[in-house]
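Participant: My questions all concern the structure below.
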Amino acid sequence: MEAADATHSTKTKEEKEHKDHTGEAKPIKEKKEKKPKKEKDKSKEKENVADISDATKLRAKLEKLDAKIDDLKSKKQAIVARLHELEGTAATDAAAPPATSG
C-alpha cells in the first residue's frame, strides 16, 4: 500500500509540474534604447518680443499676460483668505479658556 501511495504522490507532483510548464518560456523583453530628447528650438517656438514689429501681436501678447496675471491674483486671494480662515480658527481654539466644572 505504501509503495502505491508513494508512486501516486510522485505522479501528482510530475503532473503538477507538467501543468505549470506546459507553455514555452517567455522571451526576455529587451530594453528599448532611450532616444535622445529633441531640443526644441525656442526661437522658432516663441518669438522674441524685440523682433515683433506688429503692434497687434504685441497687444495680444500683453492681453494674454494680463489675463494670466489676473487669474494668478485671484488664486492668491483665495489662498490667502483660506489661510486667514484656518489661522483664525486655530487662534480661536487656542485662545478659548478650558471649561471648568465647579
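Participant: Cut-off is 10 Å between beta-carbons; in what order do Glu85, Glu30 appear when sorted fewest neighbours first? Don't skip to the answer; put the middle values down first.
Facilitator: Working: Glu85 10, Glu30 6.
Ordered from fewest to most neighbouring Cβ atoms within 10 Å, Glu85, Glu30 come out as Glu30, Glu85.
Participant: Which ³J(HN,Hα) values, rounded to whole Hz and listed in residue order, are derived for the range 57-73 from phi using the Karplus coefficients 6.51, -1.76 and 1.60 in 6.51 cos²θ - 1.76 cosθ + 1.60 with θ = phi - 60°, glycine and proline given as x?
Facilitator: Calculated HN-Hα couplings, in order: 5, 5, 5, 5, 4, 5, 5, 5, 5, 4, 5, 5, 5, 4, 4, 5, 5 Hz.
Each reported figure results from applying straightforward, stated rules to the coordinates on display, with no laboratory input. Here the structure is a predicted model, which is why all the values come from computation and not from measurement. Virtual Cβ from ideal backbone geometry, glycine too; neighbours counted across all protein chains shown.
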